[in-house]
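To keep things clear, I will list the structure first and then write my remarks on it.
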Amino acid sequence: MIEYLVFAAAFGLLLLGLHRKVIARIQMRPGPPVWQEILHALKFSFKSTWVPKTASATLYIGVVLVGIGIWSAALFVVLAGESILILFAIYMLHKVVEHGFGLSSGSPYGKFGGVRSVISAASEIPLFVTISAIYLFTGSLLLRDIIAYQGVHGPLLLIVPPVAIAMYIVILSKMPYGPFSIVESKELVSGYKTEHFGVWRAGISVIDGLKTFVLLYAFVAIFIGAVPFWAALVIMTGILVTLSFVCAVTPMLSPFDSVTIQGLITGLMLAYVGYLWWVMP
Amino acid sequence: MPDIGGIDLFVLEFGDILHYYTPYTTTLFLLALIFTALAIVSRPEGQIDIAFGGDAYYAKETTLPEMRFRRFMAIACGLATMGAMGSGDLFNFTLFASLVGITNVGIVAAVKNRHVLNAAYEYGIVAMVATLPLFGGAALILATTGTLSIPALAAGGFAVPFVGKALLVLGVIGEGMAPFYAAKAEMFRAPGAPYVIMCSLSSLLIFLRVVEIAITI
């Protein structure tokens, strides 16, 4: 099992490195090498580690372990074909982890990153609208049943494209340097991550790597269905490059605009699922 | 029963009322347990704040009596959340959900800061109003089906009214989810991260549970 975790974290970090590279090339910069995020994780692992004097030490450390734990669990949920409701619960609970990171240090930058994380919770609602739409078609939320449904009826990407777009936007809202990345914007230094250094920061890198891998892999499994593992990795890379394009050409929104746009997307998705519920036999 | 959160792992019976745990509700229960344990063993942080209009900053201290009261409320919030995660009875679920609302106000009520107390007051009003659709939804379901047992409703044979489910979800959303969470976000400016985080966690968890209930029944 540990080899899955190591591979997922490393591949996720590689994808995040590619994300930075693509954004840089679009913006006419050379950009860092694609393995830069892996180097960051390794570098932080061996740097001096400390806990700020003002921090709530147990929470400051505990929340890193909780973050790694929930995304490790999410990886096994996806690989085992279990309920996507668990996967999306973990996605939502990542907000609490961000909140914990931000508040536990006592830093005002971390605190505002944590508060922004709470106010951007509107981005999670389209996720449940997505789940409802999938359930209307497949009659199950177990990933293996959803994959089996697509084996018979074809990819859900073609059956319910607006739902796939909603999940794409949900993944976009978690991408760094994107239009909705208000929790770690530069006016807050690094937002909720500001005060975590050394091995704790390496832990955050592992969380980011696992999160990126799990969300993209889940997108492929939910909307495209059963494909060979190597093909899934290629498709994930392709999706990530499109996300990078969006991030590169879109300015970061203000917190108010970010929440407003996410709220509008939620409203549209609710209307779409209401329509599906009305017309479905 | 529709396979939403996985197969039943454990069922705890109290007469005709039961608690059941699927992989989904077990995951939620364990997270509530972990963060409650963190609230018990963690000491509050020394929150640093900036004095606007200059380059000065100051540290907010949490006194011992305040810490004890807020820790007690955080533990109560954690217990209510854990109860809501495994409950197989709609009425018990609504009770636990409203207890979460009360304890969330309690967690920040001891903070001597006008801004935080105003936010807690506004949140308290929204949470109190939200109990109307919350209990109204459960009452409507009871009136139309004659039972409040989630496994019984999920087994089929009952025409659970859509309005009942919608009211139930609306009530839980009112306890602190988007778009009714504006005042709650302001409450998070209060120092005492291990306790404040329970406000955020409990709302998310009861929302995640009510989604499962609404789809299941």
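The values are calculated or read from the model by the stated rules, or taken from the named source; none is laboratory data. Note that the coordinates shown come from a computational prediction; the quantities given were computed from them, not determined experimentally. Here the Cβ is made from the backbone with ideal geometry for all residues, glycine too, and neighbour counts use every protein chain on show.
Things to note:
Rundown of residues vs (1) touching a Ser or Thr at 6+ places or on another chain (Cβ under 8 Å); (2) closer than 14 Å to A:V63 by Cα, yes/no style:
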residue: A:G178; (1), (2): yes, no
residue: A:K186; (1), (2): no, no
residue: A:Y192; (1), (2): yes, yes
residue: A:I207; (1), (2): no, yes
residue: A:K211; (1), (2): no, no
residue: A:L216; (1), (2): no, no
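- Residue in segment A:169-188 that is surrounded by fewer than 18 Cβ atoms within 10 Å (Cβ to Cβ) and at pLDDT below 80 present: yes
- The listed residues are B:L201, B:L134, and the only one of them that is within 10 Å of another protein chain (Cβ to nearest Cβ), buried (at least 23 other Cβ atoms within 10 Å of the Cβ) and not in a loop (DSSP other than H, G, I, E, B) turns out to be B:L201.
- Residues (under 16 Å from A:K211 (Cα atoms) and at the interface with chain B (Cβ under 10 Å from one of its Cβ atoms)) located in segment A:50-69: A:V63, A:L65, A:V66, A:G69
- Counted residues, segment A:76-94 - those being more than 7 Å from chain B (Cβ to nearest Cβ) and either closer than 17 Å to A:S205 by Cα or in contact with a strand residue (DSSP E or B) (Cβ under 9 Å, 6 or more places away or on another chain) (or both): 5
- Evaluating A:S72 against the criteria (1) more than 8 Å from chain B (Cβ to nearest Cβ); (2) over 15 Å from the mean Cα position of the chain (by Cα); (3) in contact (Cβ under 8 Å) with a residue 40 or more places away in the chain; (4) farther than 30 Å from B:A166 by Cα leaves one unmet condition, (2).
Yes/no matrix, rows are residues, columns are (1) surrounded by 21 or more Cβ atoms within 10 Å (Cβ to Cβ); (2) within 22 Å of A:V66 (Cβ to Cβ); (3) in contact with a Lys or Arg (Cβ under 9 Å, 6 or more places away or on another chain):
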position	(1), (2), (3)
B:L31	yes, yes, no
B:T36	yes, yes, no
B:D55	no, no, no
B:A59	no, no, no
B:P65	no, no, no
B:F91	no, no, no
B:I107	yes, yes, yes
B:R114	no, no, no
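- For A:V152: the one exception among (1) at pLDDT 85 or above; (2) crowded, with 24+ Cβ neighbours inside 10 Å: (2)
- Looking at segment B:1-111, the helices (runs of 4 or more DSSP H) lying wholly inside it that each contain 1 or more residues that are without any contact (Cβ under 8 Å) to a residue 12 or more places away in the chain and over 29 Å from B:A214 (Cα atoms) sit at B:23-41, B:64-86.
- Residue within segment B:140-159 that is buried (at least 16 other Cβ atoms within 10 Å of the Cβ) and within 30 Å of B:K60 (Cα to Cα) present: no
- Against the conditions (1) in a helix (DSSP H, G or I); (2) in contact (Cβ under 8 Å) with a residue 24 or more places away in the chain, B:A152 satisfies every one except (2).
- Test: residue in segment A:158-165 that is free of Cβ contacts under 8 Å to residues at least 24 places away in the same chain, closer than 30 Å to B:D55 by Cα and either of a type in the set (V, I, T) or buried (at least 22 other Cβ atoms within 10 Å of the Cβ) (or both): no
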